[in-house]
Amino acid sequence: MNCIDLFCGCGGLSLGFEKAGFDILLGIDAWEDAITTFNYNHKNSKGICSDLSTLNPKDIESQLNGKSVDVIIGGPPCQGFSVAGKRIVDDERNKLYKNFVRFVEFFKPKAFMMENVPNILSIGNGIVRDAIVKDFSNLGYKVVYKILTASDYGVPQNRRRTFFVGFKNGNEFTFPLPTVKQKVTSKEAISDLPDKTVLDGEKYPVTPQSNYQKLMRKNVNGLYNHRVTVHTEQTKRIIAMVPDGGNYKDLPVELQQTRKVHIAWTRLDSSKPSFTIDCGHNHHFHYKYNRVPTVRESARIQSFPDNFIFLGKLGSQLRQVGNAVPPLMAEEIAKEIKNELQA
């Protein structure tokens, strides 16, 4: 079954759908670094660096070698749904989502899946949510939506995301039930990764310490993307005051306001899944070591396997990881979509 991924980033959604047996024909994103990583890791797909607001679906069709598009997936940025009164305003910021709709209208896939932040359901008292359902319903799709939590699907992170799924045949999609009873903890995710920089391709210093680590290290020759950030002595001293699972409230009063964000100085909790990892803002710290997580540690928390290599500068790699949909969660949704299409 053939799939194209719009606003694909580095390809977390694509990876999940690949693992469920889909052929990802194309990934499209305006960010060159993300497309470079996408192309490096998705050998049988083609990543295109292009602004979807100016891209004509007809031009994309010519790159498909006559293949049909069965499913369209993607996560259009939601930075600013512009809403006034009881309607979505005709505003530049709404165009990216409208382009997703445009591609679905052109290719008429059997199904689509669109991912976004949880509050897309509540913006403007549900105006945006209702508009999304209406736009796809008008194209003949039976649309359902739900907020899912990544840790319910074996991802060591309590990341919540909204998913809209629509079927052309009138069937109503059933979202996957949780796949794990026991959630994977931060410690189970990254305890085998050392507190020192490892040159790309070097051997792991220890054997896997958990089943999750075994899964992440499958078919891997060495460790990549594990460059440790060196903080100032002052920063390390402050981090050291915060216990496993703690945050700025654990600091002396005079240090609590050193960073003016509510997530400041937050340590991972070794006994729980991670909170939603950010995109490299350096406010979140390792549960044990006095530093921010490495790219590989962040990738583990997102459920990217260790053979998925991130390219670009360090800050860019962290953003690529943080912006992605966790592949393990994507895979479970993809399996359900496939089952329904094959039923």
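List of remarks:
- Judged by the mean number of other Cβ atoms found within 10 Å, the most tightly packed of the peptides 251-257, 294-300 leads the ranking 294-300, 251-257.
- For the stretch 146-225, GluC sites (Glu not before Pro) meeting the loop criterion (DSSP other than H, G, I, E, B) and having at most 15 other Cβ atoms within 10 Å: 172.
- For the stretch 46-59, Karplus couplings with θ = phi - 60° (6.51, -1.76, 1.60), whole Hz, Gly/Pro x: 10, x, 10, 8, 7, 7, 5, 6, 10, 8, 8, x, 5, 5
- Environment charge at residue 331 (Cβ cut-off 11 Å; Lys +1, Arg +1, Asp -1, Glu -1): 0
- Tally of Lys pairs whose C-alpha atoms are under 17 Å apart, taken over the stretch 108-195, 8 or more apart or cross-chain: 9
- Among 96, 64, 52, the largest mean-square fluctuation in a Gaussian network model of the chain (Cα springs under 10 Å) belongs to 64.
- Ordering of 310-316, 6-12 by packing [mean C-beta count within 10 Å, highest first]: 6-12, 310-316
- For the chain, the 222 nm mean residue ellipticity estimated from helices alone, with every DSSP H stretch of n ≥ 4 adding -39500 (n - 2.57) and the total spread over all residues, rounds to -8500 deg cm²/dmol.
- Taking only the Cα atoms of the stretch 111-233, the radius of gyration and Dmax are 20.3, 61 Å.
- Remark: the Cα gyration tensor places the stretch 189-252 in the oblate category, a/c being 1.5 or greater and a/b not exceeding b/c.
- Take the stretch 94-181 with all the other protein chains still there, run a 1.4 Å probe, and you get 42 Å² of accessible area per residue.
- With all protein chains in place and a 1.4 Å probe, the accessible surface of the stretch 190-343 carries 50 percent carbon and sulfur.
- Summing charges over all other residues whose Cβ lies under 11 Å from the Cβ of residue 38, with Lys and Arg as +1 and Asp and Glu as -1, gives -2.
- Summing Lys and Arg as +1 and Asp and Glu as -1 over all other residues whose Cβ lies under 10 Å from the Cβ of residue 147 gives a net charge of +3.
- Cross-link pairs beyond the 20 Å C-alpha cut-off, checked among 203/272; 236/272; 249/288: 203/272; 236/272
- The chain shape via C-alpha gyration tensor axes, a/c threshold 1.5: prolate
- Gap separating the Cα centres of the stretch 192-217 and the stretch 1-73, nearest whole Å: 30
- Set against the 2.2 N^0.38 Å expectation for a compact globular protein, the stretch 266-343 has a Cα radius of gyration ratio of 1.28.
The values are calculated or read from the model by the stated rules, or taken from the named source; none is laboratory data. Quick caveat: nothing in here was measured; it's all calculated off a predicted structure. Methodologically, a virtual Cβ is constructed for each residue, glycine included, from the backbone with ideal geometry; neighbour enumeration extends over all protein chains shown. These accessible areas exclude ligands, DNA and RNA; they are computed on the full protein's heavy atoms, side chains included. Shrake-Rupley method; radii C 1.70, N 1.55, O 1.52, S 1.80 Å.
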